[in-house]
Each structure stands twice: as structure tokens, then as C-alpha cells.
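Inspection log for the structure reproduced underneath, given as C-alpha cells.
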Amino acid sequence: MKVNSQTKVANLNADKLDGVDAGQLQGFRTLRVSTTDVSSNAGTAGTTGFGIASCQPGEQAISGGAGLQQGSATDIFYFTPGGIPVVDTATGRITGWKTSWFTKFDSVVRVYALCAS
């Protein structure tokens with residue numbers, strides 16, 4: 001989605017789009033990208049894979065994603081294309097980002113988390 005207007009839209013709740021309340025972002029001063037590369041060896045039948053990019057203690061993930069670094073872009077299926085937040089059940093803080101996939105060929109997928117502190 002791309003926004004190219006400063007006009008306020010009635011009944012548009014951006015929290016419904018990204019799952020993050022604006023109040024959760026207040027006070028952050030530093031942004032850092034955390035990455036994890038995961039190799040999937042497909043064999044003859046294909047394989048499922050997953051990866052988690054974690055933030056450091058004291059940081060909170062505010063976004064994330066995944067990208068194919070090596071392999072066939074036409075033969076990989078992302079179960080969670082943009083990934084999902086990893087939530088610490090004890091604190092309710094988002095501590096990282098996770099995505100999962102199925103591939104027919106050997107692949108390397110990079111998972112990203114945008115961490116704020």
C-alpha cells in the first residue's frame with residue numbers, strides 16, 4: 001500500500017493494517033535490522049522451512065519480512081508471505097519476526113525484523 005495524500009480518511013484505522021498500536025511506537029530512538037538466513041534442502045519431494053529473526057533484549061520488533069536469497073522464485077510458496085510477529089507471552093512484547101515456506105528446490109531465505117529501542 002502506498003499513501004500519496006495528507007488527507008485524513010474517515011474510519012481508517014491503521015492499527016487494523018499492521019496490528020501495532022501507535023502508542024507502542026512512542027519513545028523509540030533507535031532502529032536496527034536483524035536478519036537470519038535459513039537454508040532449505042529440498043531433496044526430491046520438496047521441504048518446508050521456517051526462520052525467525054530476533055531482536056536483542058530491550059528491543060521490540062515493529063515490522064519484518066522475508067526474501068529469497070538463493071533458489072527458484074517460481075518454486076517457493078510462502079505460508080506467511082510477509083511474516084508474523086513473534087510475541088513473548090510473558091511480556092506481550094514483539095521480540096522478533098517469523099516466516100515459513102515450502103520449496104521444491106534448495107533455497108536460502110533471509111528473514112528480517114525491524115527492531116526498535
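Out of everything in the range 79-117 that is part of a loop (DSSP other than H, G, I, E, B) and in contact with an Asp or Glu (Cβ under 7 Å, 6 or more places away or on another chain), what residue ends up being nearest to Ser54 (Cα to Cα)?
Looking at the filtered set, the residue picked out is Ser117.
Is it the case, given these coordinates, that Ser34 is in contact with a Ser or Thr (Cβ under 7 Å, 6 or more places away or on another chain), small (Gly, Ala, Ser) and modelled with pLDDT of 90 or more?
yes
Would you be able to tell me the number of residues in the range 38-63 that are touching a strand residue (DSSP E or B) at 6+ places or on another chain (Cβ under 7 Å), at pLDDT below 90 and surrounded by fewer than 18 Cβ atoms within 10 Å (Cβ to Cβ)?
4
If we scan the range 64-78, do we find a residue that is modelled with pLDDT under 70, surrounded by 14 or more Cβ atoms within 10 Å (Cβ to Cβ) and either in contact with a Ser or Thr (Cβ under 6 Å, 6 or more places away or on another chain) or assigned to a loop (DSSP other than H, G, I, E, B) (or both)?
Taking every residue of the range 64-78 in turn, none turns out to be modelled with pLDDT under 70, surrounded by 14 or more Cβ atoms within 10 Å (Cβ to Cβ) and either in contact with a Ser or Thr (Cβ under 6 Å, 6 or more places away or on another chain) or assigned to a loop (DSSP other than H, G, I, E, B) (or both).
Of all residues in the range 94-117, count the ones that are touching a helix residue (DSSP H, G or I) at 6+ places or on another chain (Cβ under 9 Å), farther than 14 Å from Gly71 by Cβ and either without any contact (Cβ under 8 Å) to a residue 24 or more places away in the chain or small (Gly, Ala, Ser) (or both).
Residues flagged as touching a helix residue (DSSP H, G or I) at 6+ places or on another chain (Cβ under 9 Å), farther than 14 Å from Gly71 by Cβ and either without any contact (Cβ under 8 Å) to a residue 24 or more places away in the chain or small (Gly, Ala, Ser) (or both) within the range 94-117 amount to 1.
The values are calculated or read from the model by the stated rules, or taken from the named source; none is laboratory data. What you are looking at is a predicted structure, and each value in this text was computed from that prediction instead of being measured. Here Cβ is always computed from backbone atoms with ideal geometry, including for glycine, and neighbour counts include all displayed protein chains.
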